[in-house]
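Notes follow the structure.
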Amino acid sequence: MVTFFTVINCMDGIVQLPVIEYIKNKFDVLYVDKITDPGPNLILSEQSDTLFVESIFNRIYISVYKHFSVGISIAAHHDCAGNPSNDTEQKAQLVKAVKVLKDKYPEEPVYALWLDENFKVHEVA
Ligand SMILES: [Zn+2]
């Protein structure tokens, strides 16, 4: 069975492979749909740019309802060029973004991932 997982990640090239590999290992899925923007945890937690937020939701829709993705993950990373917040603030934004995504997609499990200064992936509760 073909299985997809949805990841909303920063556009930064450094963080792509660590997140894909983490998701494939942890959830045993074949494919990872990627929705990338600069600092998406900031975009989704503040929701001040509604066009940006809608664009993210439109892409999640395809992954969830056309690919039947089995879960959604939002990822953020240390020293993000697209998000000037410090690590503590970024993790708080991740938690808020998870709530936004859970409200929108209540049937999907949603996970927050944090990449530290060594680009090691950690789950944020
Ligand atoms: Zn970034």
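Observations, loosely collected:
- Charge dipole of the chain (Cα centre as origin; +1 on each Lys and Arg Cβ, -1 on each Asp and Glu Cβ, all else neutral): 360 debye, rounded to the nearest 20.
- Sorted fewest first by neighbouring Cβ atoms within 10 angstrom, Val95, Val7 come out as Val95, Val7.
- Length, then width, then depth: along the principal axes, the Cα atoms of the chain run 40, 32, 24 Å.
- Rel. contact order, % - alpha carbon contacts under 8 angstrom, at least six apart, the chain: 29 percent
- The mean sequence separation of alpha-carbon pairs under 8 Å and at least six residues apart, normalised by the residue count of segment 1-59, gives a relative contact order of 39 percent.
- Bridges between two residues of the chain, per DSSP, are antiparallel at a rate of about 20%.
- Which of Thr3, Thr36, Thr88 has the fewest Cβ neighbours within 10 Å, and the rest in rising order: Thr88, Thr3, Thr36
- For His77, distant residues with modelled amide H under 5 Å away: Leu115
Every number in this text was worked out from the coordinates using simple rules, so none of it is lab data. Just so we're clear, the structure is a prediction, and the values are computed from it rather than from any experiment. Methodologically, a virtual Cβ is constructed for each residue, glycine included, from the backbone with ideal geometry; neighbour enumeration extends over all protein chains shown.
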